[in-house]
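The values are calculated or read from the model by the stated rules, or taken from the named source; none is laboratory data. Since the structure is predicted, the reported quantities are computational estimates derived from the model, not experimental observations. We place every Cβ from the backbone using ideal geometry, glycine too, and count neighbours over all the protein chains shown.
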Amino acid sequence: MHCLINQNNSVYIEKNIIDDDTTKKLIFDILFEVKTNPGHGDNPPLQTYPNLLEIYKKSHWEKYKKVVKEFVVKNLKKDVEFQKTWANVAIPGQKYYNHRHLDIDFSTVLYLQNSYPFFGTRVEDNLIIPGEERSIMGMSGNMEHKVEDMPYELAIKNNRITIASNFNYV
């Protein structure tokens, strides 16, 4: 596990947090969700509604909840509860924007599929956290961040798939 300090804010990273079988099952459900019930229509980026943990009760989603919550509690040394969980499927032509989760204590991104790790998460507009497959990064919800946009030529070869979750302290 790694902890980076960026402008007095901590960014936590852990690699290989979830196994291949669970990853494949999560990807299957996410692709089904964005195809049948996309939260933002057919325009890139494809994003699910933020209720994945409410609608999916399968064992691989329970495993996701367990490992992600353990990651958060281990780093924050505080108990937390899930607020929202959604997935993004980045496709050619995507455009993400800087944003914050002001009403959220902590946010995570789990990279399920990403052939080009350099295109991870940009934090505070000056640091890119690599998006390695099966790795997770977490940060304060009030840190400005965005998914790093990929050039079209790379995006056509890489449908990056992530799951994001927001937490508040209990």
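Considering only residues of segment 105-164 that are among the hydrophobic types (A, V, I, L, M, F, W, C) and in a helix (DSSP H, G or I), which is farthest from Gln83 (Cα to Cα)?
Ranking the candidates gives Leu154 first.
Could you check how many residues of segment 118-155 are without any contact (Cβ under 8 Å) to a residue 60 or more places away in the chain and either surrounded by fewer than 17 Cβ atoms within 10 Å (Cβ to Cβ) or over 26 Å from Val73 (Cα atoms) (or both)?
The number of residues fulfilling the criteria is 12.
Test Val68 against the criterion of being assigned to a helix (DSSP H, G or I), of a type outside the set (D, E, K, R) and crowded, with 17+ Cβ neighbours inside 10 Å, and give yes or no.
When the stated conditions are applied, Val68 passes them.
Report whether or not Gly93 is modelled with pLDDT of 90 or more and of a type outside the set (Ser, Thr, Tyr). Steps first, please.
Working: modelled with pLDDT of 90 or more: no; of a type outside the set (Ser, Thr, Tyr): yes.
Here the answer is no, as Gly93 does not meet what is asked.
Consider Glu62 carefully, then state whether it is under 17 Å from the mean Cα position of the chain (by Cα) and surrounded by fewer than 17 Cβ atoms within 10 Å (Cβ to Cβ).
Working: under 17 Å from the mean Cα position of the chain (by Cα): yes; surrounded by fewer than 17 Cβ atoms within 10 Å (Cβ to Cβ): yes.
Criteria met by Glu62.
So Lys74 ticks every box in (1) surrounded by fewer than 19 Cβ atoms within 10 Å (Cβ to Cβ); (2) within 16 Å of Gly138 (Cα to Cα); (3) under 13 Å from the mean Cα position of the chain (by Cα) but one. Which box is left unticked?
Among (1) surrounded by fewer than 19 Cβ atoms within 10 Å (Cβ to Cβ); (2) within 16 Å of Gly138 (Cα to Cα); (3) under 13 Å from the mean Cα position of the chain (by Cα), the lone unmet condition for Lys74 is (3).
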